[in-house]
Amino acid sequence: MASVQPYLVKRTWFAIAPDGGHHEVDLIVGPPTQRSSGDWAVRVSLGVVEPRPTEIYGVDSWQAMNLGMRFIGRLLESAEKEGWQFYWNSGGERASPGDLFL
């Protein structure tokens, strides 16, 4: 499984997959980098929930970071609909994608 390194922000949750497997899930946003086109991009990773890192683009570093974090939230919402359950830690309280923005 690929991971984004180095990262700018990271949050680790505990998850139960639809198949019953238990996992630590690292939600990662890499540092913004400017592309030759002038756009900015961040790489995001959701660990076992979505093993392939994805690049998210914005007009500047602020927008790229904001869109990257929102992208993670939307993927987690989709994963919940597919049966994933998220927790702050193993044995802890339930977490939801909306908690990322509190």
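Quick note: the coordinates plus some simple rules give every number you see, no bench work behind them. None of these values were measured; they are calculated from a predicted model. Methodologically, a virtual Cβ is constructed for each residue, glycine included, from the backbone with ideal geometry; neighbour enumeration extends over all protein chains shown.
Longest span of the chain, sites excluded, free of GluC sites (Glu not before Pro) in DSSP loop with at most 13 other C-beta atoms within 10 Å? Result, exposed sites excluded: 1-81.
Looking at [x] 1.09; [y] 1.01; [z] 1.63, which value of Cα Rg over 2.2 N^0.38 Å comes from a calculation on the structure shown? Only one listed value fits the structure, namely [x].
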